Amino acid sequence: MFVRRKRFLSLPIYSYSKSIGFPMAVKLEDIAKATGFSVPTVSRVITHSNYPVNAETRTKILEAAQSMGYKPNLSARSLRTERSFTIGIIVDDLLSPFTPSIVRGIQDYLNEHEYLGLIVNSDWNPDLEQEAIQTLVSRPVDGIIFVEYSHLAVSDILEQSNKPHVFVHRLFGTPIKNSIVPDDEYGASQAVRHLFNLGHRRIAYINGPESWHSSKKRLSGYQAELAANNLEIEPTLIQPGDWEFEGGYKAAQNLMGLKEPPTAIFSANDLMALGTIHAIQDMGLNVPNNIAVVGYDNRDFTKIVRPKITTMSMPVYEMGWSAAELLLKQIAEGREDLDEIKIKGQLFIRETCGAEESQRTKEERVSTTEARRIMLNKHPEV
C-alpha cells in the first residue's frame, strides 16, 4: 500500500538575519525552544531514532518542525550515518514505454524516505552500462537500481564495492537475485482464464520474441491455464510475434486462415493485440462479436481505441516502488541475496473480450496527474 505521510498546511515561519535580511536555517534548538522539549528529545524525533518517545510529544515536535520550515542538515546527517542518502538509477532506455512509470515509482518511494535518485541512461550498450556502474560506484551513492536491464555483464567493480543493488524488470536471461519482475505467468493465466470463463475453448496465443523473458513466462502461463481447464494445447494456435503492430496483424491472419480458426486470441502485448484487431476487421469480421481479443501491458491507447482493449496490466509503478523499498531495506539491514520478487498486475476488462458491461472494469476518467495525486493522498492545487 502506497500512502504518503500527512502534510501539514501551516505556513513556514523563518528566523531572519538582522544584518542581511535573509531567512536563517531553523535549528533543533529553535524547535526545542518553541515546543518546550529538550534538544535531545527533539533530535530523537527529527532523526527517527528508535529511542522511545511519547506519541503526543512526537506529534507536537513534528508539527512544529513542519510549521517552522525546518530542513535537516544533509551534510551533518551524512557524517553521522556514513550515508549520502543518494541512490544511483541505471536505465537501459529512458524512452521505453515502461521506464518512466518504473522510475516514478522509485522516486516516489525515495522521496518518502528523503533520498535522492541520480539517473544514468546506458542506451542498451553494455560498455556504457559498465561505465555507468564505475561512475556511480566511485561516487558516494548508497546503492544502485538497474531498470529494464537487458544484458548486465558481470561487474567485478560492482561486487567489490559491496554496494547494495537491485534489479527491476528483467528483459532477457535467467532469474537474478534481488530483482523485481512482473508475474507474467500469473498475468497470462488470468487473461486465458477470463476468456475460458466467457465460454471460449479455442483460444489462440500470439507470443513475443522467443529470447525475451516475458515471452517465455507468458507462453508458460497460457499453456498452464489451458491444461488446468483440460484444453488441448495445439501448436497451430500458437503464433510467433515481434511486439509490433505488424507482427500481430500477420499472426492474426495466419490464425484466421486455419481450417478451424480460434474464437479468441490472447496477444502477449497491446501493440500486437491492436494489429490483431485490425486484421480481423479487415476481413470483414467484428471484435468481439466474431472473435474476442485480449492484450497485455495496459498501454494508454487501449482505453481510447475502438473497441477498447481488454488487457492485463504491467504493474510498472508498483515494481519501481518495490525495487526502491527492497534497496533501502538492504542499505539499512545489510546485503542479502533474495529470490526474485514477482509483482502481480490487474486484468482490465473492456470491450474486445465480449464481456457484459456489468463485468467491465470501472475506470474513473481522471488524468495521470490526478490519478497520482489520489494514490498519494494529495489534493490538486487550487
*Does Ile176 satisfy being crowded, with 22+ Cβ neighbours inside 10 Å, more than 30 Å from Gly354 (Cβ to Cβ), outside the structural domain of Leu274 (by TED's automatic domain parsing) and β-branched (Val, Ile, Thr)?*
no
*Could you grab the pairs with beta carbons closer than 9 Å, sequence gap of 6+ or different chains, first residue in the range 210-221 and among the aliphatic types (A, V, I, L, M), second one surrounded by fewer than 19 Cβ atoms within 10 Å (Cβ to Cβ)?*
Leu219/Glu210; Leu219/Ile238
*Going through the range 216-245 one residue at a time, which ones are of a type in the set (Ser, Thr, Tyr) and surrounded by fewer than 21 Cβ atoms within 10 Å (Cβ to Cβ)?*
Ser220, Thr236
*Hey, could you check the range 94-109 for residues that are in contact with an Asp or Glu (Cβ under 7 Å, 6 or more places away or on another chain) and not β-branched (Val, Ile, Thr) and say which is farthest from Tyr149 (Cα to Cα)?*
Tyr109
*Restricting to strands (runs of 3 or more DSSP E) lying wholly in the range 84-148: which have 1 or more residues that are surrounded by fewer than 18 Cβ atoms within 10 Å (Cβ to Cβ) and out of contact with any His (no Cβ under 9 Å at 6 or more places or on another chain)?*
116-121
*If only one of Ile280, Ile304 is under 27 Å from the mean Cα position of the chain (by Cα) and assigned by TED's automatic domain parsing to the domain that holds Asn197, which one is it?*
Ile304
*Can you name the residue in the range 19-56 that is within 26 Å of Ala332 (Cα to Cα) and surrounded by 15 or more Cβ atoms within 10 Å (Cβ to Cβ) and is also modelled with the highest pLDDT among such residues?*
Thr41
*From the list Asp92, Asp108, which one is modelled with pLDDT of 90 or more and charged (D, E, K, R)?*
Asp108
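Could you list, in sequence order, all residues of the range 246-259 that are hydrophobic (A, V, I, L, M, F, W, C) and either surrounded by fewer than 16 Cβ atoms within 10 Å (Cβ to Cβ) or modelled with pLDDT under 95 (or both)?
Leu258
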*Evaluate the following for His200: is it in the same structural domain as Ile309 (by TED's automatic domain parsing), assigned to a loop (DSSP other than H, G, I, E, B), buried (at least 18 other Cβ atoms within 10 Å of the Cβ) and more than 19 Å from the chain's Cα centre (by Cα)?*
yes
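Within the range 179-195, restricting attention to residues that are farther than 17 Å from Ile309 by Cα and hydrophobic (A, V, I, L, M, F, W, C), which residue is surrounded by the most Cβ atoms within 10 Å (Cβ to Cβ)?
Filtering first and then ranking leaves Ile180.
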*Selected residue (criterion: farthest from Gly187 (Cα to Cα)) from residues of the range 339-362 that are of a type outside the set (D, E, K, R), touching a residue at least 12 places away in the same chain (Cβ under 8 Å) and not in a loop (DSSP other than H, G, I, E, B)*: Ile341
*Mind checking whether some residue in the range 324-339 is at pLDDT 95 or above, farther than 30 Å from Ile119 by Cα and buried (at least 21 other Cβ atoms within 10 Å of the Cβ)?*
no
_List pairs: first residue in the range 314-330 and farther than 16 Å from Glu148 by Cβ, second residue among the acidic types (Asp, Glu) anywhere in the structure, Cβ distance under 8 angstrom, at least six positions apart or on different chains._
Gln330/Glu336
*Answer yes if at least one residue in the range 161-168 is of a type in the set (Ser, Thr, Tyr) and modelled with pLDDT of 85 or more, and no otherwise.*
no
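The values are calculated or read from the model by the stated rules, or taken from the named source; none is laboratory data. It should be emphasised that the depicted structure is a prediction, and the values quoted were computed from it without experimental measurement. When we count neighbours, we look across all protein chains shown, and the Cβ atoms used for this are built from the backbone with ideal geometry, even at glycine.
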